[in-house]
1. Cα to Cα, under 30 Å, and not fewer than 8 places away if on the same chain: which lysines meet these conditions relative to Lys238?
2. State the extension gain, in nm to one decimal, for the chain segment bounded by Ser232 and Thr118, taking 0.36 nm per residue of separation less the distance between their alpha-carbons.
3. If you take the alpha carbon radius of gyration of the chain and divide it by 2.2 N^0.38 Å, what ratio comes out, to two decimals?
4. Could you work out what % of the accessible surface of region 229-334 is carbon and sulfur, using a 1.4 angstrom probe and leaving DNA, RNA and ligands out of the count?
5. May I ask you to list the chymotrypsin sites (Phe, Trp or Tyr not before Pro) in region 112-160 that are in a DSSP loop and have at most 12 other Cβ atoms within 10 Å of their Cβ?
6. Around Thr55, under 12 Å between beta carbons, what's the net of Lys plus Arg minus Asp minus Glu among the other residues?
7. Rg/Rh for region 35-149 to two decimals, with Rh computed the Kirkwood way over all alpha-carbon pairs.
8. I need the peptides 36-49, 78-91, 343-356, 212-225 ranked by packing, meaning the mean over residues of other C-beta atoms within 10 angstrom, with the highest value on top.
Amino acid sequence: MTPPTNQLPQPAHTLESSPNRLISLDALRGFTIAAMILVNFPGDGDQVYFQLQHTRWNGLSFTDLIAPVFLFIIGVSITLAYAKRLERGDPKGEMYQKIVVRSLKIFAVGMFLNLLPTFDFSDIRWTGTLQRIALVFLLCALLFLNTNWKQQAWIGAIMLLLYWLALTQIPTPGVGKAMLEPGVNLVAWFDNQFLPGRMWQSTWDPESILSTFPSAVSGITGMLAGRLMISSLTRNEKVNYLMTAGLFTAAVGFLWNLTFPSNENLWTSSFVLITSGFAALLLGAVYFLVDILGNIKGTKPGIIFGANAITVFVLADVLSILFYYLKFDGRSLNEHGVTALTGLGFDPRLASMLYALFFVCVNFIPAYLLYRKKIFIKL
């Protein structure tokens, strides 16, 4: 099918004013943030559908896909942001400085969220979602400025292979053999030796030191997809290559999963390939529907969330103090809300999800106000 025009659809907003901007990517970024809020803030943490919670260990749920998809999007964005600067010959020193400063700011905001709502510095956790985003952005952006796409592909592949060999061949200290059990594996041992502060699960942390490296590969796969998207190929060819690569990558990840299980907590190599393949397929599908066919209806909420993605993520944690922690008549608002819904006959898990959706809508209000006033907060 021949696209109706050679130009991308242009919403009346400066964020999409560039003729080469991918509206599909902007929308995906926002919808991914909305999904993060949805799964992070259920109405009742004890009543959650399987797909709306992280798998306990091995396996894959909808929730497990969200973080790697966002890191993939970061990788695509890095390519779109820095490729032209390199072509123009912009000073790398200036770009290095901005990359480091931005990473530090995102990391610092992550630490601020970890301190909410008690600000207990004696029980501080140094890892988290934003901290991982900061580190992956730092590693991937610096890599992009100093390597070509082939070198990036080789580095990503070698990192996944080395991580697989380390976790499956190096005996876990104190155990005598390689282990992949919760809290009893090389990743957990390394954190217990070198990670300061409190860990999320007492003896191990899902955002661990060693797993930062394969999580960076999730960003690298996004950078490779971004390189494809800015190539001289036709838009239909880009979709075909992106979907083919996504299917192949996910298939390899599934096969690897048979011997090296897909595991978000360890961010295993098979998990990287499966989720990156899914992310490529998702981007390809949305790119075809939105940027090629021009079907932009339904993308606006995603674009609005994505315009201030990190800011909205932070606001959700701040607003959660009011909607989940403060007591009104002896109970928090989420407890009142879920109780009211279950009293009307709703299944407890459905009531929990509906309250989470309500909270997503609450966060849409400041996101919309910022968007309408053309305020874009870039950390």
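The values are calculated or read from the model by the stated rules, or taken from the named source; none is laboratory data. What you are looking at is a predicted structure, and each value in this text was computed from that prediction instead of being measured. Ideal geometry is used to build each Cβ from the backbone, glycine not excepted, and the neighbour counts take in all protein chains shown. Ligands, DNA and RNA are excluded from the accessible area calculation, which covers all protein heavy atoms including side chains. Shrake-Rupley method; radii C 1.70, N 1.55, O 1.52, S 1.80 Å.
1. Lys84, Lys92, Lys150, Lys297, Lys300, Lys378
2. Once the chain is fully extended between Ser232 and Thr118, it gains 35.8 nm.
3. 1.01
4. 70 percent
5. Details: sites: Phe112, Phe119, Phe121, Trp126, Phe137, Phe144, Trp149, Trp154; in loops: Phe119, Trp126.
Answer by residue number: Phe119.
6. Local charge sum for Thr55: -1.
7. 1.06
8. Numbers: 36-49: 19.2, 78-91: 14.1, 343-356: 16.9, 212-225: 25.4.
The densest-packed peptide leads the list: 212-225, 36-49, 343-356, 78-91.
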